[in-house]
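Single-structure report; data block below.
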Amino acid sequence: MITKTQFDKEIALIIANAIREDVGDGDHSSLACIPDTVVGKAKLLVKDEGILAGVAFAQRVFAYVDPEMQVEVLIEDGTKVSHGDIAFYVTGRSQSILKAERLVLNAMQRMSAIATKTHHFVQLLAGTDTKILDTRKTTPGIRALEKWAVTIGGGENHRFALYDMIMLKDNHIDFAGGITKAIEKTKAYLAATNRDLKIIVEARNLDEIAEILQTPGVYRILIDNFNYEDTKKAVAMIGDTCLTESSGGINEHTIRAYAECGVDYISSGALTHSVYNLDLSLKAV
């Protein structure tokens, strides 16, 4: 997984690029009618129900836009919120508040939606030992935000990107000439490049499960698009050899049944690619 330093760098890049994209050579609407000496105050108003996420990110945005802005946090990330709640107040130059407003809202609305959906999936898994994972099916350019939101909702991050974990999927296996060759070539590559990366291997059927188990060094087996009965058989075959993960079209109606098959993890792209933004507003006080 990526380090905190790498993650912080990703967040900084997102903020800088988003402000560049939105502000350009100036917020001329504000510059035209609000003197730069005017100080204002605004509140983050919740107009929906769900799990709040992005408060800490908003603080970083305000600090980037204008270090003199002050944020009074009333509700922390990960808290269940309802219509009418006030998450925080921000005080500072009115021009600065308006410059940061859209990035704060866009990010918090999406992050809160992802955290809310993740929390729902976590609740569906309550009482089992299975954990929910996200995927790389994220919005290009803001992956760090979306994966951050998953953790706020109680889920766990899969690999962050292609560089922090090995994941041998069907195409890798086919291009490499089979499962055993793919794993052996991967282990040789890691040794030659002096990299310490965990290896996950995807299996499409029980025969492939058996073949993977013949080669040591696999961290987790991805049991992909199996039905319930074959998932139970796969878990029994794997035992304590390595960790197990179910994936492939699993939704809120099927996730509990897959968890009850005994897998360690369930991954779902829906956590990040199929959400509806929570309704939030930044209103002048």
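The values are calculated or read from the model by the stated rules, or taken from the named source; none is laboratory data. Values in this document were obtained by computation on a predicted structure and should not be read as measured data. Cβ placement follows ideal geometry from the backbone for every residue including glycine, while neighbour counts extend to all protein chains displayed. When the accessible area is computed, the model is the full protein with side chains, heavy atoms only, and any ligands, DNA or RNA have been set aside. Shrake-Rupley method; radii C 1.70, N 1.55, O 1.52, S 1.80 Å.
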Original post:
With Cβ to Cβ distances under 13 Å as the rule, what net charge do the other residues near Ile200 carry (K, R +1; D, E -1)?
Top reply: -1
Original post:
So what's the net charge close to Ile209: Lys and Arg +1, Asp and Glu -1, counting the other residues with Cβ under 13 Å from its Cβ?
Top reply: -3
Original post:
Quick one: with all protein chains in place, what share of the accessible area of the chain is carbon or sulfur, to the nearest percent (1.4 Å probe)?
Top reply: 50 percent
Subject >> Where the chain is the region considered: accessible area per residue in Å², 1.4 Å probe >> reply: 50 Å²
**OP:** Would you calculate a helix-derived [θ] at 222 nm for the chain, using -39,500 (n - 2.57) for each DSSP H run of n ≥ 4 and dividing by the full residue count, to the nearest 500?
**Re:** -14000 deg cm²/dmol
Original post:
Residue by residue, what Karplus-based ³J(HN,Hα) values in Hz, rounded to whole numbers, does region 97-105 have, using 6.51, -1.76 and 1.60 with θ = phi - 60° and x for Gly and Pro?
Top reply: 4, 5, 5, 8, 3, 5, 5, 4, 5
**OP:** Using Cα centres only, tell me the gap between region 1-44 and region 69-128 in whole Å.
**Re:** 16 Å
Original post:
In the Gaussian network model of the chain, springs joining C-alpha atoms below 10 Å, which of Thr231, Thr135, Thr37 carries the largest mean-square fluctuation?
Top reply: Thr37
Subject >> Check: the chain dipole with +1 on Lys, Arg Cβ and -1 on Asp, Glu Cβ, in debye >> reply: 340 debye
Subject >> Net charge over other residues, Cβ less than 14 angstrom from the Cβ of Ala42 (K, R count +1; D, E count -1) >> reply: +3
Original post:
Comparing Val275, Val23, Val71, which has the greatest mean-square fluctuation in the GNM of the chain with Cα pairs linked when under 10 Å apart?
Top reply: Val23
**OP:** Place +1 on the Cβ of every Lys and Arg and -1 on the Cβ of every Asp and Glu in the chain, take the dipole about the Cα centre, and give the residue among Leu103, Ala16, Ile209 whose Cα lies farthest towards its positive end.
**Re:** Ala16
Subject >> Estimated translational D of the chain in µm²/s (Stokes, Kirkwood radius over Cα pairs; 4 °C; 1.567 mPa s) >> reply: 62 µm²/s
Subject >> Listed residue pairs exceeding 28 Å between alpha carbons, taken from Lys4/Lys117; Lys80/Lys198; Lys131/Lys232; Lys80/Lys147 >> reply: Lys80/Lys198
Original post:
Straight-line reach from Lys169: which aspartates and glutamates have a Cα under 18 Å away, not including same-chain ones fewer than 8 places off?
Top reply: Asp134, Glu184, Glu202, Asp207, Glu208, Glu211, Asp224, Glu245
Original post:
Taking the Cα atoms only, what angle lies between the long axis of helix 228-238 and the longest principal axis of the chain, rounded to 10 degrees?
Top reply: 70 degrees
Original post:
If the cut-off is 12 Å between C-alpha atoms, which aspartates and glutamates fall inside it for Lys47, apart from same-chain ones fewer than 8 positions away?
Top reply: Asp85, Asp279
Original post:
Under a 5 Å amide H to amide H cut-off, with H placed in plane at 1.01 Å, what residues pair with Tyr265 once short-range neighbours are removed?
Top reply: Lys131, Thr244, Glu245, Ser246
Subject >> region 157-258, dipole about Cα centre (Lys/Arg Cβ +1, Asp/Glu Cβ -1), debye to the nearest 20 >> reply: 280 debye
